[in-house]
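The values are calculated or read from the model by the stated rules, or taken from the named source; none is laboratory data. Since this is a predicted model, take the numbers as computed values, not measurements. Cβ sites come from the backbone with ideal geometry, for glycine too, and all protein chains shown count toward neighbours.
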Amino acid sequence: MTDQEPVDIAAVIDAAPFSALLLWVTLLSYLIMIIDGFDLQAMALAAPAVAASWNLKRELLGPVLAASLVGMGLGSVALGWFGDRRGRKTSFCVCIAILSLGSLMCGCATSLSQLVLFRFITGVGLGGAAPLATSLVAEWMPRRWRSVAVAVVIAAIPLGGMLGAALSQRIIPAYGWRSVFLLGGVFPLALLAVAIVQLPESPRYLAGRTDKRAALARCLNRLGDGQRFTSADRFFVAERELPAADGLKSLVSAPYLRTTLLLWLAFACNTLALYGFVNWLPIVLSSAGQSLSSALHGSFLFNCGGIVGAIVGSVLISFFGSRRVGTSFAFIGSVAALFIGLSMAAVGHGGGMGARLFPLVAVAGVCLNGMQVFLYPVAAHSYPTIIRASGVGCASGVARIGGVLSSVVGSAVFALGLSVGDFFFILAAIILVTAVSFFALRSHIPGRNSDPSRAATPGRGRWTRLHSLARRGAGR
């Protein structure tokens, strides 16, 4: 091949079969997201034991619980920006190292102020992990599997929280609260060692660097049936390129301003409602007369629903598109929160409402966690390669503002003497805003039923034909 013969990266990837390389990228990202979910909830899991060990009033732990969310907001933006300039893999490995270091330091903290600082550091790494994993998986995955693969990876976050809760019940009584953080620091170190050696860099990032042609050719050769690329090929991505200097400014400029603002609103509102359930559900249920065991069971069902919502919803998106599925999930979640509030208002402070509440809590978990998963592939779909990590990272950073505000909303409800039913009425209204803003987006992922260009999973002949078209088709 001549040095000038073009190869369309997107066409090569979209035509590829589901190879061992794609499985490896997805699996490694999935495992890292499990650790992300574990470390995300580690402070909440350890908080009662920390308060008892240091003789603290539980309300003093508020800054510690909020510190990781603030750090996640910074990490989402900073590490996303870094990923666009130094590569997704490099930035991903940096964020794993940061969250591992922060978690290990939390396990060695001797004061509340140290714990606040170390949780902030952990949050910086946590904030970068999800958007970078989303971008990396989305850029390696063929279009027909992209939304499902991204959703499966992000669905590992609530799974990590569930595993963390199960492990904490056993290791905290035996080894103390520090063991939660030490465990959350050692596991990512092990995965970091594997990622540095085995995780491939983003193909679209490599395509924009002429000195990385050989590395890109080696990666692409691992995709197909004996097809061979070399460093002599000229790789390109068939999308509008932006000047490198535009950076984050492009997100709030035409033609992306409307998309960015709607994504930010949807991310912030859904995250506010999600963390409202995650952080306050046990407290709210306990204050309404439920036992501690029942309150924790409600949280468990909420997380279980999240996994179901992420997987089932992503399959539905592949058929019907993200607008219809995501908007429906958000609307149903709003209705579920409304009926939870009505149910609590009707029963008052009785203890026998679990049979009525728990199905609604599970439905809310399906919808809110599922919606959180849908937002990431839609955000990745909304921006070109050169600003994708920044776009997803900034949206994730804005989402953390919603997470911090959830603590404000919860505290305000109790401080103002409002009923627990009012708490869920507020969440229902916020989720409804998520539904409206998500529906208004123009950059939705099309479903198979609405995409006339779709094709069945290509076999060997299909791969070869599209491979040839990719080489010939760009006179760009």
All but one of (1) crowded, with 24+ Cβ neighbours inside 10 Å; (2) touching a residue at least 60 places away in the same chain (Cβ under 8 Å) hold for Phe118, so report the exception by its number. (2)
Would you confirm whether any residue within segment 36-52 is outside the structural domain of Ile386 (by TED's automatic domain parsing), modelled with pLDDT of 80 or more and more than 23 Å from Gly161 (Cα to Cα)? no
Subset of segment 99-114, residues of a type outside the set (Ser, Thr, Tyr) and surrounded by fewer than 23 Cβ atoms within 10 Å (Cβ to Cβ), comes to Leu101, Leu104, Met105, Gly107, Cys108, Ala109, Leu112, Gln114
For segment 149-177, give me each residue that is surrounded by fewer than 19 Cβ atoms within 10 Å (Cβ to Cβ) and in contact (Cβ under 8 Å) with a residue 12 or more places away in the chain. Leu163, Ala165, Leu167, Ile171, Ile172, Gly176
Scan Ala346, Ala380 and give me the residue that is assigned by TED's automatic domain parsing to the domain that holds Val252, without any contact (Cβ under 8 Å) to a residue 24 or more places away in the chain and not in a loop (DSSP other than H, G, I, E, B). Ala346
Report yes if some residue within segment 140-161 is in the same structural domain as Gly71 (by TED's automatic domain parsing), farther than 30 Å from Val325 by Cα and part of a helix (DSSP H, G or I); otherwise report no. no
Are there any pairs with C-beta distances below 6 angstrom linking a residue in segment 91-113 that is touching a residue at least 24 places away in the same chain (Cβ under 8 Å) and among the basic types (Lys, Arg) to a residue that is assigned to a helix (DSSP H, G or I) and surrounded by fewer than 19 Cβ atoms within 10 Å (Cβ to Cβ), with the two at least 6 apart or on different chains, and if so which? none
Could you tell me whether segment 231-250 includes any residue that is modelled with pLDDT under 75, among the acidic types (Asp, Glu) and part of a helix (DSSP H, G or I)? no
Single match in Ala415, Ala389 (criterion: of a type in the set (Gly, Ala, Ser) and surrounded by fewer than 20 Cβ atoms within 10 Å (Cβ to Cβ)): Ala415
Against the definition (of a type in the set (Ser, Thr, Tyr), in contact (Cβ under 8 Å) with a residue 24 or more places away in the chain and surrounded by fewer than 17 Cβ atoms within 10 Å (Cβ to Cβ)), how does Ser53 come out, yes or no? yes
Please verify whether Ser253 is at pLDDT 70 or above, of a type in the set (Ser, Thr, Tyr), surrounded by fewer than 21 Cβ atoms within 10 Å (Cβ to Cβ) and farther than 28 Å from Ile96 by Cα, treating the condition exactly as stated. yes
When you scan segment 360-369, do you find a residue that is in the same structural domain as Leu418 (by TED's automatic domain parsing) and either at pLDDT below 80 or touching a His at 6+ places or on another chain (Cβ under 8 Å) (or both), even just one? no
